[in-house]
Amino acid sequence: DAGVIQSPRHEVTEMGQEVTLRCKPISGHDYLFWYRQTMMRGLELLIYFNNNVPIDDSGMPEDRFSAKMPNASFSTLKIQPSEPRDSAVYFCASSLTGSEQYFGPGTRLTVT
Amino acid sequence: KQEVTQIPAALSVPEGENLVLNCSFTDSAIYNLQWFRQDPGKGLTSLLLIQSSQREQTSGRLNASLDKSSGRSTLYIAASQPGDSATYLCAVRMFSGSARQLTFGSGTQLTVLP
């Protein structure tokens, strides 16, 4: 298995633009998690899905952030409009049981 | 609210040394604890997962222990190698309902000098 796949790996955008991050979980995994990592706050859970349904989105920082999982093999995290303070590395992880999680390589987002 | 602390924040050792990384958590009602490795610019790689009922887990030169009552876990690395240089993160999962959230520590940045 190729593991969790994220795209793009790097994204540079201007403030106010819409940003869409993509994730393909490991096949057969029922859980999908979106995390954000910054120097100041470390790794934080934003939202997670079970069987394509959002279970807990309490970590989503603002209404500018939204996440979808239209099917078992694809999820998106969208930021609209983006702001410089959104600059971070965004990780997607998947899990078979919700317990042990496997992380993707991350998307490094820079908002100027 | 669960808080996870890792000390030290950074550690530098000569190759061949045995070393211990520490992780502490404030709420002992955990479901399990997971140790990860993160290389610069890369994602997280799961190293060991310890269930709350377990005392330790071993994988190769790595041994992780868990003392739930005292809120502590250690990651022991034997005969360290330069390739072990990375940031090591511990994360706990609470034993509560359908929660699957991991709470991460801030990590220990390990440098093994050749």
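Observations
- Residue within the range B:48-67 that is closer than 25 Å to A:C92 by Cα, within 12 Å of chain A (Cβ to nearest Cβ), β-branched (V, I, T) and free of Cβ contacts under 8 Å to residues at least 24 places away in the same chain present: yes
- When restricted to residues that are open to solvent by 30 Å² or more (accessible area, probe 1.4 Å) and either in contact with a Ser or Thr (Cβ under 7 Å, 6 or more places away or on another chain) or at pLDDT below 95 (or both), the range B:72-86 contains 3.
- Tally of residues being open to solvent by 10 Å² or more (accessible area, probe 1.4 Å), in contact with a Gly (Cβ under 6 Å, 6 or more places away or on another chain) and more than 18 Å from A:N51 (Cα to Cα) across the range A:86-112: 2
- Set B:S65, B:S46, B:S69: member being open to solvent by 60 Å² or more (accessible area, probe 1.4 Å) and either among the small types (G, A, S) or not in a loop (DSSP other than H, G, I, E, B) (or both): B:S69
- Filtering the range A:42-85 to residues that are open to solvent by less than 20 Å² (accessible area, probe 1.4 Å) and outside any strand (DSSP E or B) leaves only A:S82.
- Within the option set B:V112, B:V92, B:V20, being away from chain A (no Cβ under 14 Å), of a type in the set (V, I, T) and open to solvent by less than 60 Å² (accessible area, probe 1.4 Å) holds for one residue only, B:V112.
- Annotation for the range B:11-18: no member residue is out of contact with any strand residue (DSSP E or B) (no Cβ under 8 Å at 6 or more places or on another chain) and hydroxyl-bearing (S, T, Y).
- Taken across the range B:11-24, residues that are more than 27 Å from A:F91 (Cα to Cα) and in contact with a helix residue (DSSP H, G or I) (Cβ under 7 Å, 6 or more places away or on another chain) do occur, with at least one present.
- Residues (surrounded by 13 or more Cβ atoms within 10 Å (Cβ to Cβ), farther than 21 Å from B:M94 by Cβ and of a type in the set (S, T, Y)) located in the range A:24-41: A:T38
The values are calculated or read from the model by the stated rules, or taken from the named source; none is laboratory data. Computed from a prediction, not measured in an experiment: that's the story for all the values here. Using ideal geometry, Cβ is built from the backbone for each residue, glycine included, and neighbour counts are taken over all protein chains shown. For the accessible areas, the whole protein counts, side chains as well, though only heavy atoms, and no ligand, DNA or RNA atoms are used. Shrake-Rupley method; radii C 1.70, N 1.55, O 1.52, S 1.80 Å.
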